[in-house]
Amino acid sequence: MSNNEKGTDLEPRSSGADVDQAGAAGPERFDNPGLPTHRDRATDRDPAAARRAERTVIVLFALSVLGTIGTVVAYIMVPTGESVENMRLSNLLLGLGLFLSMFGIGAAAVHWAKTLMSDHEQAEDRHPQRGDAETRQAAIAALGAGAEDSGIGRRGVLKGAVVSAVALAPLSVAVPLVGELGGDWNVSKFRHTLWERGRRLTRDPSGDPIRAADVTIGSVFHVIPEGLREGDHADHWIEEKAKAVVLMVRLDPADLTEAEDRRDWSYEGIVAYSKICTHVGCPVALYEQQTHHLLCPCHQSTFDISDGAKVVFGPAKRALPQLPITVDDEGYLVAQDDFNEPIGPSYWERLK
Amino acid sequence: MKAIAARRHHRHAPMVLLLLALLMTGGLYAAFAPSAVSAAAPSEDDIAAGRALFIANCATCHGPSAEGRDDVPSLIGVGAASVDFQVGTGRMPMQMDGPQAAAKPPQFDQEQINQLAAYVASLGPGPAVPSAQQVDPALGDAANGGALFRTNCAMCHGAIGAGGALTEGKWAPSLADSTPTQVYTAMVTGPQSMPVFNDANLTPDEKRDIIAFLEEQHRGSPGGITLGSLGPVGEGVWVWIVGMGLLIGASVWIGAKSS
């Protein structure tokens, strides 16, 4: 690409050490360097090359036609069916056919434009946008006549009416829109879960209650409260589940370090913690039974289950809330109470 | 028959009938009850051969009577299932110290593994190797297995068992090449970082459902290339590097002048 002929006067200024000096003594206005010299393409010089390019374009269009036919044939001949193999084959053929039919047209059009259509540079000067004085005068006169004709200057009440109607009309859309934002502003719900005194711990997803004797050392239970889908909350049980899920493990009591005030929150080495990460609320459930570490898959926060689920690594800044548990008369594990703090990540009203 | 018919009012008849009924119930139970131990009960010879193998290959770390020591677990009470998993997947004998014992080609044939398992099982009661019926994916409910897998397994092993990373160099292995028996024995024994899923947590039927779900994954993905089934990270990398690369390449081609 050589525009040296026209660009020569720019060259000394853009080169090297005397930039400062050149900047100080720069011209008032740069000259228009004009277009670079036109260079013929192979297809302009050689008719054989032009024919080749034409054939390429034709082949690409033909490929698109084949792709379209292939898509239709695949749609009819290869139904998605029931089996995985069938679905995969159908998806593959439909995708390939669609790709060929679209890409063929696109590539052919681009190649056609690049090789065969004229590539001579053309410049069109911009028209002046300002109309001449006479036209402007006439336009203003026409607008004035229209305003005069409508009587808006004289009829004050009419003006008020039209302004109020137009200004108020958007409210019919805006009020319902804003009114439906959020919907539920009862933030105190985040403070409480379904857990309450005496509610049994049950297995997720079956809902079978768990005996303390079933929880052997090293096992991990994914726990939901009993009666999750019954009662007042049946319609939004999934939100209640999201707040109430608990991970329960049994450790050798010798491995367990417990705070003085939580000594009766566990049951013979069985501890239960909220499964919702205190960082941003992912379910923390990657439990390594040898290290007693619980890892959050989202941001690698790691909690030590043997020591109050305190944070040992990662961005979480609070320990997982512990669910105080005990057993009922029949030997099933039950909650002593709700969590003593809101589960999950921090939020403004939590004030902590 | 006439002799029996004539004595049917004999005062001992109810007793005889009751005995016969009890015998039949017991016999039927013995014949059909699911047995926890694998088909052939190990003989004394198996245990002796297993002990010899143990002394030669395992006792260096686990101790001459499998009692373990610092950082090496005792094998008393781990059961035949644990041996079948650890030795059958080549994790034991352990190749080198590291964050985690890696799977490798098994060092023993199945007969030797059974002998080792018989010896370790003889040291104390523990989970047995499941029967063929207990791990038959055809008898499981893959849909229920999927729900159980998502709750209990997917956080470490990934949504379809492709595996994933844990902390400090440990990882949850891919389950793509695990046999149904290995999946079962891993659940009942909880090898290495994996927690135990005993029969009260996941019943034997539920374990079989999970095996059926994993077996379904062997049929591949209906969508084509799985990109390792690692989830949004792997797929995102693919889209950013390959997808964006192709788009940039196409833009450069469209913008370049024809020669």
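Please treat every number below as a calculation from the coordinates, not as lab data. Note that the structure is a prediction, hence the values are computed from the model and not measured. Counting neighbours? That spans all protein chains shown, and the Cβs are built from the backbone with ideal geometry, glycine included.
Its Cα gyration tensor gives chain B an equivalent ellipsoid. The semi-axes, each the square root of 5 times an eigenvalue, are 51, 29, 14 Å from largest down.
With neighbour counts taken as other beta-carbon atoms within 10 Å, the residues B:L230, B:L175, A:L295 rank, fewest first, as B:L230, B:L175, A:L295.
Per-residue shielding of A:287-295, expressed as the average number of other chain Cβ atoms within 10 Å of the residue Cβ, stands at 6. For region B:166-181, the Karplus equation 6.51 cos²θ - 1.76 cosθ + 1.60, evaluated at θ = phi - 60°, returns couplings of 10, 8, 6, x, 8, 8, 9, x, 5, 9, 4, 9, 6, 7, x, 5 Hz by residue, with Gly and Pro reported as x.
Only helical runs count toward this figure. For the protein assembly as shown, summing -39,500 (n - 2.57) over DSSP H runs of n ≥ 4 and dividing by all residues gives -13000 deg cm²/dmol at 222 nm. Net charge dipole, the protein assembly as shown: roughly 1240 debye, given to the nearest 20, about the Cα centre with Cβ charges of +1 for Lys and Arg and -1 for Asp and Glu. As an exercise, use a Förster radius of 51 Å and the Cβ-Cβ distance of A:R229 and A:R39 to find the FRET efficiency, rounded to the nearest 0.05. E(calc), rounded to 0.05, equals 0.10.
Structure remark: mean-square fluctuation, Gaussian network model of chain A, C-alpha springs under 10 Å; the largest value among A:G308, A:G281, A:G97 belongs to A:G97. Gyration tensor analysis over the Cα atoms of region B:124-259 returns equivalent ellipsoid semi-axes of 41, 16, 11 Å (largest first, whole Å). Here's the picture: a label point sits 7 Å out from the Cα of A:A254 along the beta-carbon direction, and within region A:265-279 the residues with their amide nitrogen under 18 Å of it are A:268-270.
Cross-linked pairs B:K170/B:K207; A:K241/A:K317; A:K310/B:K207; A:K241/B:K170; B:K104/B:K170: Cα-Cα separations exceed 27 Å for A:K310/B:K207; A:K241/B:K170. Scaling the Cα radius of gyration of chain A by the globular reference 2.2 N^0.38 Å produces a ratio of 1.86.
With respect to chain B, whose longest principal axis is taken over its alpha-carbon atoms, helix B:44-57 is tilted by about 30°. Restricting the calculation to Cα atoms, region B:115-169 yields a radius of gyration followed by a Dmax of 16.0, 39 Å.
In this structure the amide hydrogen of A:V327, modeled in the peptide plane, comes within under 5 Å of the amide hydrogens of A:V334, none closer than 5 places in sequence on its chain. Considering only A:S188, A:S83, A:S172, give the residue with the highest GNM mean-square fluctuation for chain A, with springs between Cα atoms whenever their separation is below 10 Å. Answer for the Gaussian network model of chain A: A:S83. Shielding by partners for peptide A:42-50, expressed as the average number of C-beta atoms from other protein chains within 10 Å of each residue's C-beta, is 1. Between the helical axis of B:110-123 and the longest alpha-carbon principal axis of chain B there is an angle of about 60 degrees.
Please identify the helices of chain A, taking whole runs of DSSP H, that span at least 24 Å along their own axis as judged from the Cα atoms and have a mean Kyte-Doolittle score of -1.0 or higher.
Correct list, ordered by number: A:47-77, A:84-115, A:133-150.
With the simple spin-label model, which puts each label point 7 Å out from Cα in the Cβ direction, the A:F99 to B:D205 separation comes to 4.6 nm. Using R0 = 51 Å, the C-beta based FRET efficiency linking A:N32 and B:E235 works out to 0.50. Per residue, the convex hull around the alpha carbon atoms of the protein assembly as shown comes to 456 Å³.
Angle between the Cα long axis of helix B:142-152 and the longest principal axis of chain B, 0 to 90 degrees, nearest 10? Around 70 degrees separate the two axes. Along its three principal directions, the equivalent ellipsoid of region A:189-350 from the Cα gyration tensor extends over semi-axes of 22, 20, 14 Å, largest first. Over the C-alpha trace of region A:202-276, radius of gyration and Dmax come out as 13.8, 43 angstrom. Between A:C298 and B:R219, with labels modelled 7 Å along Cα→Cβ, what's the label distance in nm to one decimal, could you check? Here the answer is 3.4 nm between the modelled labels.
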